[in-house]
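In what follows, a structure is listed as structure tokens, so that the remarks can point back to it.
The values are calculated or read from the model by the stated rules, or taken from the named source; none is laboratory data. Computed from a predicted structure; not experimentally measured. Positions of Cβ are backbone-derived with ideal geometry, glycine not excepted, and every protein chain shown enters the neighbour counts.
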């Protein structure tokens, strides 16, 4: 067994001040000077907009801040679409970070076991070098709250479609390129055990759909693991649900508060 180791509105200012008061804003431990500066692009649509029952034109940038910042890259696209600048350092400062343990894994007779922080409440790990660094939708929601956006848990296809029709973007955890995965068990310091995927944990956003496919905006873009990866692509619903299920159907519908909708 081997161990391996913003542009502030009054509302956002109030939210940030409240978070500081409760101790949820934590300055990033690592320097983020090496993060890639966002360069906005407009990827070509896969199909004409008339082919979809709902489609939200969504912001995009050329690749991730760091290789393993997928949750923050996906949220950048969400926020930018709603007119909010969300640099990486500000997002990291807005999320709770569980620093009690840097995630590491062991390969056992029963499969991979990852020991890390409480990803149901916080972010765990250093995303600059580690593919194990991650969080869940529940752990990430406070970032959207900080920016004054409402996030609602979604765990079914029907709810995804409903929220897209209302103009909300769906932030999800899935597998990279919607490919098969190795299962793992994540164990928190409280000995809570969570089913996760091992090495191809990923986050992206759903921006449209029809009866056959979901439309995904994936800011990761072309990398050495897939030079043909597009920033926008369609995923057949059966494959989408299969790979989303590997992440316990973890999703958030994100948009302005109801009172802010015109």
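Some values worked out for this structure:
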{"read-out": "Counted residues, the range 187-219 - those being closer than 24 Å to residue 51 by Cβ and surrounded by 13 or more Cβ atoms within 10 Å (Cβ to Cβ)", "value": "14"}
{"read-out": "The range 220-253, residues that are touching a strand residue (DSSP E or B) at 6+ places or on another chain (Cβ under 7 Å) and farther than 14 Å from residue 203 by Cα", "value": "229, 233, 234, 235, 236, 237"}
{"read-out": "Residue match in the range 42-56 (condition: in a helix (DSSP H, G or I), modelled with pLDDT of 95 or more and out of contact with any strand residue (DSSP E or B) (no Cβ under 6 Å at 6 or more places or on another chain))", "value": "yes"}
{"read-out": "Residues within the range 173-198 that are out of contact with any helix residue (DSSP H, G or I) (no Cβ under 6 Å at 6 or more places or on another chain) and under 21 Å from residue 231 (Cα atoms), tallied", "value": "5"}
{"read-out": "Residue among 110, 83, 125, 148 that alone is surrounded by fewer than 18 Cβ atoms within 10 Å (Cβ to Cβ) and on the phi > 0 side of the Ramachandran plot", "value": "83"}
{"read-out": "Selection from the range 71-85 of residues that are out of contact with any strand residue (DSSP E or B) (no Cβ under 8 Å at 6 or more places or on another chain) and under 12 Å from residue 219 (Cβ atoms)", "value": "72"}
{"read-out": "Hits in the range 57-70 - residues which are more than 14 Å from residue 217 (Cβ to Cβ) and either in contact with a strand residue (DSSP E or B) (Cβ under 7 Å, 6 or more places away or on another chain) or buried (at least 20 other Cβ atoms within 10 Å of the Cβ) (or both)", "value": "65, 66, 68, 69"}
{"read-out": "Residue selected from the range 153-181 under the condition farther than 20 Å from residue 58 by Cβ and crowded, with 18+ Cβ neighbours inside 10 Å, by the criterion farthest from the chain's Cα centre (by Cα)", "value": "181"}
